[in-house]
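Asker: This structure is in structure tokens; I'll ask about it shortly.
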Amino acid sequence: MSFFTILRHLLAILLLPFMVVVVIPRWLLRGWALSDTYWAVGTPVELIGRVAGVLIFLAGFSLFAWCVSLFARIGEGTLAPWDPTRRLVAVGPYRYVRNPMITGVVTMLAGEAVFHGSRVLATWGATFVFINYVFFLIFEEPDLESRFGEDYRRYKANVPRWIPRRTPWNG
């Protein structure tokens, strides 16, 4: 992979998922510190919540990283709408669900909410899901149909948007 390609991916990640998973949650935790919920310090529940939060976060990060690598290798593009894939990605986790990258990001947000015991971060995660649902309906799916035509329509008809299939699609 060339330096320019790596730079394109880093820029897309810094401007999108990094903002969603790092910047906005930190801002929310600071801004709502007095009214948010947290684990009771020094309790077994806090330890369990923190360990569970880290494990959930790492699962989401792994899925996200896998999807980004597929976008780079198979799709020849990035996750950013201004630098989209040039080829339809319908391999790996994309054989089960159309938006596994968003699932990865939401899982990271859930991990953060569990880690902190934060109702505010859980609300941000739900808000992020809603924003993406609307974005996919209005922009993403029509754009994919216009770029990939019948291949995307066939993929869309066989692979669910959010809830994974039980078996991989072999289109």
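The values are calculated or read from the model by the stated rules, or taken from the named source; none is laboratory data. Remember, it's a predicted structure, so these values are computed and weren't measured experimentally. No Cβ is skipped: glycine too gets one built from the backbone with ideal geometry, and neighbour counts run over all protein chains shown.
Asker: From (1) surrounded by 13 or more Cβ atoms within 10 Å (Cβ to Cβ); (2) among the aliphatic types (A, V, I, L, M); (3) without any contact (Cβ under 8 Å) to a residue 60 or more places away in the chain, pick out the condition that doesn't hold for L10.
Answerer: Here L10 clears every test but (1).
Asker: Right, another one. Taking the range 18-75 on its own, how many of its residues are at pLDDT below 95 and of a type in the set (D, E)?
Answerer: Residues in the range 18-75 being at pLDDT below 95 and of a type in the set (D, E): 0 in total.
Asker: Pick out the one residue from V22, V41, V51 that is without any contact (Cβ under 8 Å) to a residue 40 or more places away in the chain and surrounded by 13 or more Cβ atoms within 10 Å (Cβ to Cβ).
Answerer: Details: V41 fails: surrounded by 13 or more Cβ atoms within 10 Å (Cβ to Cβ); V51 fails: surrounded by 13 or more Cβ atoms within 10 Å (Cβ to Cβ).
One residue alone meets the criteria, V22.
Asker: Let me spell it out: the conditions are (1) closer than 17 Å to C67 by Cβ; (2) under 16 Å from the mean Cα position of the chain (by Cα), and I131 meets all of them except one. Which number is the exception?
Answerer: (1)
Asker: Please count how many residues of the range 139-171 are among the aliphatic types (A, V, I, L, M) and either over 18 Å from M101 (Cα atoms) or at pLDDT below 95 (or both).
Answerer: The initial filter retains those residues of the range 139-171 that are among the aliphatic types (A, V, I, L, M), namely 144, 157, 159, 163.
After this cut, where a residue has to be either over 18 Å from M101 (Cα atoms) or at pLDDT below 95 (or both) as well, the list is 157, 163.
Summing the residues that are among the aliphatic types (A, V, I, L, M) and either over 18 Å from M101 (Cα atoms) or at pLDDT below 95 (or both) in the range 139-171 gives 2.
Asker: Among the candidates G104, G117, G77, which residue alone is surrounded by 14 or more Cβ atoms within 10 Å (Cβ to Cβ) and free of Cβ contacts under 8 Å to residues at least 24 places away in the same chain?
Answerer: Numbers: G104 fails: free of Cβ contacts under 8 Å to residues at least 24 places away in the same chain; G117 fails: free of Cβ contacts under 8 Å to residues at least 24 places away in the same chain.
Residue meeting the stated conditions: G77.
Asker: Moving on. With the condition kept exactly as written, say whether any residue in the range 116-127 is under 22 Å from L55 (Cα atoms) and aromatic (F, W, Y).
Answerer: yes
Asker: Another question, then. Are there helices (runs of 4 or more DSSP H) fully within the range 53-171 with at least 1 residues that are under 19 Å from L14 (Cβ atoms), in contact with an Asp or Glu (Cβ under 9 Å, 6 or more places away or on another chain) and not hydrophobic (A, V, I, L, M, F, W, C)? List them. Spell out how you get there, then give the answer.
Answerer: Details: elements: 100-116, 119-135, 141-158.
Filter on the range 53-171 gives 119-135.
Asker: Here is a further query. From the list L29, L34, L14, which residue is assigned to a helix (DSSP H, G or I) and out of contact with any Ser or Thr (no Cβ under 8 Å at 6 or more places or on another chain)?
Answerer: Working: L29 fails: out of contact with any Ser or Thr (no Cβ under 8 Å at 6 or more places or on another chain); L34 fails: assigned to a helix (DSSP H, G or I).
None of the others qualify; the one that does is L14.
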